[in-house]
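K.L.:
Sharing a structure, written as structure tokens. Questions coming.
Computed from the coordinates by the stated procedures, all read-outs in this text should not be read as laboratory data. Given the structure is predicted, the values throughout are model-derived calculations rather than measurements.
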């Protein structure tokens with residue numbers, strides 16, 4: 001089972017209200033250099049969006065976010081999700097994600113949650129809500145005692161703050177929504193989405209800062 005964290009420096013976090021926008025949106029993100037796409041299970045259109053991207057955008061690695069139950073795990077994987085992301089975790093949810101056969105990022109926001117996941121053999125985690133939970137200073141503090149934990153901070157991360165996160169030794173990528181402005185998505189301005197995705201993908205290069 002491969003890691004989600006090495007796919008791209010930035011994972012777009014997508015809320016899909018209309019499943020017909022999913023394929024052109026995903027194509028724009030992939031063209032911009034962001035192949036890993038997290039579609040959150042927050043809307044009725046989410047599973048249809050995941051299915052459409054999985055079927056029609058072969059270069060995309062589509063995953064499901066806001067996975068909070070074993071039923072969500074099952075439906076997301078059945079729809080074609082190739083990775084799972086949760087805002088938090090319980091033993092029941094973690095067992096279901098482990099059994100799914102696809103990579104997953106359980107969410108944490110406290111040191112105890114990190115230690116508990118390490119105890120369960122999990123080293124790849126989502127740090128959420130990143131900015132509200134302490135941001136880069138908090139993750140810097142965790143790197144000393146818990147160097148084996150690797151994070152994808154999500155929640156309030158922006159184009160401006162992403163480089164600071166990506167510079168940390170325990171951060172492999174970040175999640176964000178800034179490359180998907182609501183007005184651009186509504187207007188179907190996929191060229192703008194692609195340009196913003198390309199800018200975000202560049203953050204993973206030394207010149208990106």
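K.L.:
Per residue, how big is the convex hull around the C-alpha atoms of the chain? Give it to me in cubic angstrom, could you? Write down the numbers at each step before the final one.
P.N.:
Numbers: hull volume 22.0 nm³, N = 209.
Cα convex hull per residue, to the nearest whole number: 105 Å³.
K.L.:
Can you give me the P(r) profile for the range 105-209? Cα pairs, bins 10 angstrom wide beginning at 0, each as a whole percent.
P.N.:
So the P(r) values, bin by bin, are 15, 43, 28, 12, 2.
K.L.:
Another one. Using the alpha-carbon centroid of each, what span in Å lies between the range 108-153 and the range 170-199?
P.N.:
Using only Cα atoms, the two centres lie 25 Å from each other.
K.L.:
Additional query: Along the three principal axes, how long is the range 150-209 when you take its alpha carbons, biggest first, rounded to the nearest angstrom?
P.N.:
38, 24, 16
K.L.:
Working only with C-alpha atoms, what are the Rg and Dmax values of the range 5-95, expressed in angstrom?
P.N.:
12.3, 38
K.L.:
For the range 69-116, report the % of Cα-Cα distances exceeding 11 Å. Intermediate results must be reported in sequence, preceding the final value.
P.N.:
Numbers: 733 of 1128 pairs.
Result for the distance tail: 65 percent.
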